[in-house]
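This report refers to the structure that appears directly beneath it.
The values are calculated or read from the model by the stated rules, or taken from the named source; none is laboratory data. Quick caveat: nothing in here was measured; it's all calculated off a predicted structure. Because the Cβ atoms are built from the backbone with ideal geometry, glycine has one as well, and the counts that use them run over all protein chains shown.
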Amino acid sequence: MRKIILASHGQFSNGLLDSARMIVGDLANCVSSYSLLPGESAADFALELEKTISEDKETEYVVLADLYGASVCTAMLRLTTLSNVKLFSGMNLNMVLELLTRFSEELTNEDIDQLVEESRIGIQNVTLQINEEEEGF
């Protein structure tokens, strides 16, 4: 079993979860979100989460944080001392959807590499190319 936690500054994680639910429906039932709001402490949430995870050793927890090195990701880093936790930064919708649709077993090192690569593939510079014929104008 796997639980996915989206953790971000502001409401980004809530919006990402809403988008995932819109696309995959009930597959997103294993996903929850945490939004760090002004005046709150990501460290407090990480402590609460650590207690929950410690009591649920049979479940793989995948924590997706928004920014590498920022307060939310840094607070979640302590969770990686638990054997059933994987932490990723730079979360995006591709990453969430890949986790929900492609990886059903516990993540291996190879799976992790694939997940990171697939998440990067969604980042593209997109432009409209118009091919104009020289004749006919």
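Structural remarks
- Members of segment 60-91 that are more than 19 Å from S41 (Cα to Cα) and in contact (Cβ under 8 Å) with a residue 40 or more places away in the chain: E60, Y61, V62, M91
- Unique residue being farther than 18 Å from L6 by Cα, without any contact (Cβ under 8 Å) to a residue 60 or more places away in the chain, out of contact with any Leu (no Cβ under 9 Å at 6 or more places or on another chain) and surrounded by 13 or more Cβ atoms within 10 Å (Cβ to Cβ) when the list is Q114, Q124: Q114
- Of the residues making up segment 50-73, those that are part of a helix (DSSP H, G or I) and more than 19 Å from M95 (Cβ to Cβ) are E50, K51, T52, I53, S54, S71.
- Taken over segment 56-73, residues that are of a type in the set (A, V, I, L, M, F, W, C) and either touching a Pro at 6+ places or on another chain (Cβ under 9 Å) or closer than 14 Å to C30 by Cβ (or both) amount to 3.
- The residue that is farthest from I4 (Cα to Cα), among those in segment 54-80 that are of a type in the set (A, V, I, L, M) and surrounded by fewer than 20 Cβ atoms within 10 Å (Cβ to Cβ), is A70.
- Top-ranked residue in segment 29-45 [being at pLDDT below 95 and assigned to a helix (DSSP H, G or I); ranked as surrounded by the most Cβ atoms within 10 Å (Cβ to Cβ)]: A42
- Segment 86-102, residues that are part of a helix (DSSP H, G or I) and either surrounded by 14 or more Cβ atoms within 10 Å (Cβ to Cβ) or modelled with pLDDT of 95 or more (or both): L93, N94, M95, V96, L97, E98, L99, L100
- Here S83 passes the criteria (1) small (G, A, S); (2) surrounded by 10 or more Cβ atoms within 10 Å (Cβ to Cβ); (3) out of contact with any Gly (no Cβ under 9 Å at 6 or more places or on another chain) except the one numbered (2).
- Residue within segment 103-113 that is in a helix (DSSP H, G or I) and at pLDDT 95 or above present: no
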